[in-house]
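See structure below.
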Amino acid sequence: MSKIAKKFIAIVIALCVFFSAPAASIASQADMSLSLSPEFPMPGESIKVETISYVFDTLRANFQWYLNGKVVASGRGITEQTFLATKVGTIMNIKVVAVASDGLTYTASASVPISDIDLIMRADTYTPNGYRGASLPTPGSILGVYAVPYLYSGGAKISVQNLIYEWFLDDKKMSGLSGQGKNKIILELPNLGSGEYEIKLKASSISGSVVMEKNMKISTQTPRILFYETNPLAGRSSRAFSIFNIKAGGSFAILVEPYFFDLRSLARAAFSWSTANTVIEHTSENPRILEIAAPQDAQSSTNFALAINDKKTIFQRAEAVLTVIVTE
């Protein structure tokens, strides 16, 4: 056989081997997709990821699940996994590789940004200097709610001004307070007594590709009165009392702290002191200070009642009783 003939036969054999080899086993990524719930999770939230395909039998396929490049689960018919969202600002890269019963390989992946929104509430109600708690809302008071968003797109944080804010009060949209860059609202709560309200915020990118919702419950409180001993040198005591003991012939001053009164109401409210149903003529320039002097050589127990009332409102009012015990 000539060299040309041998070369021709070798080429034919090579071609036969090439065309008889199995077809490529990688299928289109469009044949398998991932469904995430929620799509934009918050830190510590569970993320359910489910594979969806209409071209192969997922129950008979072998799956490998990857999180940030590491295998976290594998086996036949493992069509879903639950992940725990990491800290805010991180990206969770989830990938799934499925080998169907016919040998075809399917892949799908998702990059999940961990986002969050902090809602900060501040009521325009009275609290003393140095008070470590929050100023709580009361009926008819002014309330401010501020949103601090941590939303991401393409690995970068979206600026506050590049987000659309939609605010809701008890599922009713507050259109006048919503819009681009409007991450804070100021509203007057209904003057309806103690109640609970829900503030909801829907923040989204301008394109609408990133969306997150956050809500908070707001419970209105009742204004309250607490009594503290005070003097010009030491200032106000750190503890509130409803019963004060004093030696006969002694004297002291009581400072009233009207917690959680709406500041507008407090500015016009009337302070009324009484004892034994008799109104006390208040001589101090400050209606929140009551000066008490105990008589000499006498023991007694006296109740002093205080009422604070804003006549222009229904629920901006409070009453409290102070007991002074005089001992020898």
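Quick notes
Each row is one residue, and each column tells you yes or no for (1) out of contact with any Asp or Glu (no Cβ under 8 Å at 6 or more places or on another chain); (2) among the aromatic types (Phe, Trp, Tyr); (3) farther than 29 Å from Ser115 by Cβ.
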residue	(1), (2), (3)
Leu34	no, no, no
Gly44	yes, no, no
Thr58	yes, no, yes
Leu67	yes, no, no
Gly75	yes, no, yes
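- Scanning the stretch 125-134 for residues that are among the polar types (S, T, N, Q) and either over 18 Å from Phe227 (Cα atoms) or in contact with a Phe, Trp or Tyr (Cβ under 7 Å, 6 or more places away or on another chain) (or both) yields a total of 2.
- Extreme residue, farthest from Leu104 (Cα to Cα), among residues of the stretch 25-50 that are assigned to a loop (DSSP other than H, G, I, E, B) and of a type in the set (Ser, Thr, Tyr): Ser28
- Residue, surrounded by the most Cβ atoms within 10 Å (Cβ to Cβ), within the stretch 51-78, restricted to residues that are in contact (Cβ under 8 Å) with a residue 24 or more places away in the chain and in a helix (DSSP H, G or I): Thr58
- Flag for Lys202 being part of a loop (DSSP other than H, G, I, E, B) and crowded, with 17+ Cβ neighbours inside 10 Å: no
- Meets criteria (at pLDDT 95 or above and not assigned by TED's automatic domain parsing to the domain that holds Gly155) for Leu233: no
- Complete set of residues in the stretch 275-298 that are under 15 Å from Val326 (Cα atoms) and either assigned to a strand (DSSP E or B) or in contact with a helix residue (DSSP H, G or I) (Cβ under 7 Å, 6 or more places away or on another chain) (or both): Glu291, Ile292, Ala293
- Subset of the stretch 222-237 (residues that are surrounded by 16 or more Cβ atoms within 10 Å (Cβ to Cβ) and not in a strand (DSSP E or B)): Pro223
- Within the stretch 258-270, the set of residues being surrounded by 17 or more Cβ atoms within 10 Å (Cβ to Cβ) and at negative phi comprises Pro258, Tyr259, Phe261, Asp262, Arg264, Ser265, Leu266, Ala269.
- Candidates Thr313, Thr302: the one that is polar (S, T, N, Q), touching a Gly at 6+ places or on another chain (Cβ under 8 Å) and at negative phi is Thr313.
- Checklist (1) touching a residue at least 24 places away in the same chain (Cβ under 8 Å); (2) exposed (fewer than 13 other Cβ atoms within 10 Å of the Cβ); (3) in a strand (DSSP E or B) applied to Ser209, failing item: (3)
- No other residue among Phe18, Phe40 is at pLDDT below 95, among the aromatic types (Phe, Trp, Tyr) and exposed (fewer than 13 other Cβ atoms within 10 Å of the Cβ) apart from Phe18.
- When the stretch 91-109 is limited to residues that are among the small types (Gly, Ala, Ser) and either touching a Lys or Arg at 6+ places or on another chain (Cβ under 8 Å) or surrounded by 19 or more Cβ atoms within 10 Å (Cβ to Cβ) (or both), the one that is farthest from Tyr146 (Cα to Cα) turns out to be Ser101.
- Exclusive hit being touching a residue at least 60 places away in the same chain (Cβ under 8 Å) and outside the structural domain of Ala156 (by TED's automatic domain parsing), set Ile280, Ile199, Ile246: Ile246
- Count - residues of the stretch 284-301 that are polar (S, T, N, Q) and surrounded by 14 or more Cβ atoms within 10 Å (Cβ to Cβ): 0
- From the list Leu226, Leu192, the lone residue that is within 30 Å of Ala298 (Cα to Cα) and within 34 Å of the chain's Cα centre (by Cα) is Leu226.
- Odd one out for Val88 among (1) modelled with pLDDT of 95 or more; (2) surrounded by 15 or more Cβ atoms within 10 Å (Cβ to Cβ); (3) closer than 23 Å to Val148 by Cα; (4) among the aliphatic types (A, V, I, L, M): (1)
- Each residue in the stretch 306-316 was checked for being closer than 15 Å to Ser141 by Cβ and in contact with a Phe, Trp or Tyr (Cβ under 9 Å, 6 or more places away or on another chain), and 3 pass.
- From the list Leu266, Leu187, the lone residue that is among the hydrophobic types (A, V, I, L, M, F, W, C) and outside any strand (DSSP E or B) is Leu266.
The values are calculated or read from the model by the stated rules, or taken from the named source; none is laboratory data. If you're wondering where the values come from, they're calculated on a predicted model, not measured in any experiment. Don't worry about glycine lacking a Cβ; one is built from the backbone with ideal geometry, like all the others, and counts go over all protein chains shown.
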